[in-house]
1. Please indicate, with yes or no, whether at least one residue in the range 43-57 is assigned to a strand (DSSP E or B) and either surrounded by 16 or more Cβ atoms within 10 Å (Cβ to Cβ) or free of Cβ contacts under 8 Å to residues at least 12 places away in the same chain (or both).
2. Looking only at strands (runs of 3 or more DSSP E) that lie completely in the range 294-354, which have at least 2 residues being in contact with a Leu (Cβ under 8 Å, 6 or more places away or on another chain) and either open to solvent by 20 Å² or more (accessible area, probe 1.4 Å) or closer than 15 Å to Ser127 by Cα (or both)?
3. Just wondering, is there one or more residues in the range 277-300 that are out of contact with any strand residue (DSSP E or B) (no Cβ under 9 Å at 6 or more places or on another chain) and of a type in the set (D, E, K, R)?
4. Give Lys54, Lys24, Lys5 a once-over and let me know the one that is under 20 Å from Thr172 (Cα atoms) and either at pLDDT below 90 or within 24 Å of the chain's Cα centre (by Cα) (or both).
5. When the residues of the range 158-173 are narrowed to those that are in a loop (DSSP other than H, G, I, E, B) and either of a type in the set (A, V, I, L, M) or closer than 22 Å to Gly237 by Cα (or both), which ends up least open to solvent (accessible area, probe 1.4 Å)?
6. Identify the residue in the range 94-120 that is surrounded by 14 or more Cβ atoms within 10 Å (Cβ to Cβ) and assigned to a loop (DSSP other than H, G, I, E, B) and, among all such residues, is modelled with the highest pLDDT.
7. Restricting to the range 292-312, count the residues that are in contact with a helix residue (DSSP H, G or I) (Cβ under 8 Å, 6 or more places away or on another chain) and at pLDDT 95 or above.
Amino acid sequence: MPSPKNNTLTSLLGQVAKHWSEKKPFALFRYPDEAVVKAILQEDGRLHTLADLKRPGFVVSPFGQDRPAFTILPDRTAEATIYKTISRGSTPAAWTETEEEATRYKDLVHKAVKTIRKGILRKVVLSRPLEVPTGKSALEIFEAILASYPSAFCYCWFHPEVGCWLGATPETLVRFSKGAFTTVALAGTMEKEEGKEPAWGLKEKEEQGMVTDYIVEVLSEMGVKTKSSAVETVGAGNLWHLRTTLSGKATAEQLAEVIRALHPTPAVCGIPLQEARNFIEENEGYSRGYYTGYLGELHGDKEGETRLFVNLRCMEFLGDRARIFVGGGITASSDAGKEWDETRAKSQTVLKVL
């Protein structure tokens, strides 16, 4: 069905709220640095599992195998244009975590560093959840995300069999159109300080290099050559990151293979991949669910641009609470205290909109 283009954001959110009240799946999203908010509305409540990557719709895939990968079908679509985005500012959220939580995460980092120094791993990404109360609805939070993060992929999706998630992720998994694709290696994190440019240390540069090298290697193994940009510093909310953009050629038939090769990347898992995944499953102590999975609009066999994103800076909406997920890459040179501080800084992306 053609998408109405004369909606205001308020009327679009009203349509989505009615759809949600009928317990029907939907996806709301806005691409980075764009003004159009899109809605994909599925008219039945079925969970359409992601059997392949050829069916158009909004796809959601988890980090592991404990949640279903699925597609929200575009039975109906709608969109609205935001003509002016008003920033909400960057006031830190008033949320204090316990010393026990800090100690647990730091102990986990220490264990990872020891494992890396034994030569079992080169890098592992460790994460943690935190639950906070919220008096806002999911759609109110989505509005705040749109206003606060114009340069991120902002989304809110709901499925009655799975739940509701929201986020503002800075990381592209893959962008594909007319036989050409781009992906990014995004690693290394530093909190912004007013008036100061980031001074990257060895740990951040090493971490970013590992991710870039891995992507080049796995794509080369499937016969796909890539070109790499220079490493650049990019902002995402209150954080700086290091980013390399990689581009190459692939057929529509190869796209699914490219996605499988890229997910999960060392930016969300580690190196070597299987050993890092094993360490995460054995030591993190919780299920990531859709955090560090991927999501986005897939055109399948139809004409159009497929854009998928790594699910970072996100939350699971639980009614009167939100479950937030944060993490960081651990290498041999990681400092446990600094890694804890990094997760605290990352949590502000979501905490400030609650």
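The values are calculated or read from the model by the stated rules, or taken from the named source; none is laboratory data. All figures in this text were calculated on a predicted structure; none of them were measured in a lab. All Cβ positions, glycine included, derive from the backbone under ideal geometry; neighbour counts span all protein chains shown. Ligands, DNA and RNA are stripped out before the accessible areas are found, and what is left, the full protein with its side chains, is counted by its heavy atoms. Shrake-Rupley method; radii C 1.70, N 1.55, O 1.52, S 1.80 Å.
1. Restricting attention to the range 43-57, the residues satisfying the condition of being assigned to a strand (DSSP E or B) are 48-49, 57.
With the extra rule that they be either surrounded by 16 or more Cβ atoms within 10 Å (Cβ to Cβ) or free of Cβ contacts under 8 Å to residues at least 12 places away in the same chain (or both), the set shrinks to 48, 57.
Yes, some residue in the range 43-57 is assigned to a strand (DSSP E or B) and either surrounded by 16 or more Cβ atoms within 10 Å (Cβ to Cβ) or free of Cβ contacts under 8 Å to residues at least 12 places away in the same chain (or both).
2. Numbers: elements: 294-298, 306-310, 314-317, 321-330.
In the range 294-354, 314-317, 321-330 are the strands (runs of 3 or more DSSP E) which contain 2 or more residues that are in contact with a Leu (Cβ under 8 Å, 6 or more places away or on another chain) and either open to solvent by 20 Å² or more (accessible area, probe 1.4 Å) or closer than 15 Å to Ser127 by Cα (or both).
3. yes
4. Details: Lys24 fails: under 20 Å from Thr172 (Cα atoms); Lys5 fails: under 20 Å from Thr172 (Cα atoms).
That would be Lys54, the only listed residue that is under 20 Å from Thr172 (Cα atoms) and either at pLDDT below 90 or within 24 Å of the chain's Cα centre (by Cα) (or both).
5. Taking the range 158-173 as the starting set, the residues that turn out to be in a loop (DSSP other than H, G, I, E, B) are 160-162, 170-171.
Now drop any that are not either of a type in the set (A, V, I, L, M) or closer than 22 Å to Gly237 by Cα (or both), which leaves 162, 170-171.
Values: Val162: 27, Pro170: 38, Glu171: 5 Å².
Checked the range 158-173; the qualifying residue least open to solvent (accessible area, probe 1.4 Å) is Glu171.
6. Among them, the one singled out is Ile120.
7. First, the residues of the range 292-312 that are in contact with a helix residue (DSSP H, G or I) (Cβ under 8 Å, 6 or more places away or on another chain): 294, 301, 306, 308.
Pick out the ones that are also at pLDDT 95 or above and you get 294, 308.
Count: 2.
Rundown of residues vs (1) in contact with a strand residue (DSSP E or B) (Cβ under 9 Å, 6 or more places away or on another chain); (2) charged (D, E, K, R); (3) open to solvent by 10 Å² or more (accessible area, probe 1.4 Å), yes/no style:
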residue: Val16; (1), (2), (3): yes, no, no
residue: Glu22; (1), (2), (3): no, yes, yes
residue: Tyr31; (1), (2), (3): yes, no, yes
residue: Ser61; (1), (2), (3): yes, no, yes
residue: Gln65; (1), (2), (3): no, no, yes
residue: Ala69; (1), (2), (3): yes, no, yes
residue: Ile72; (1), (2), (3): yes, no, no
residue: Ala78; (1), (2), (3): yes, no, no
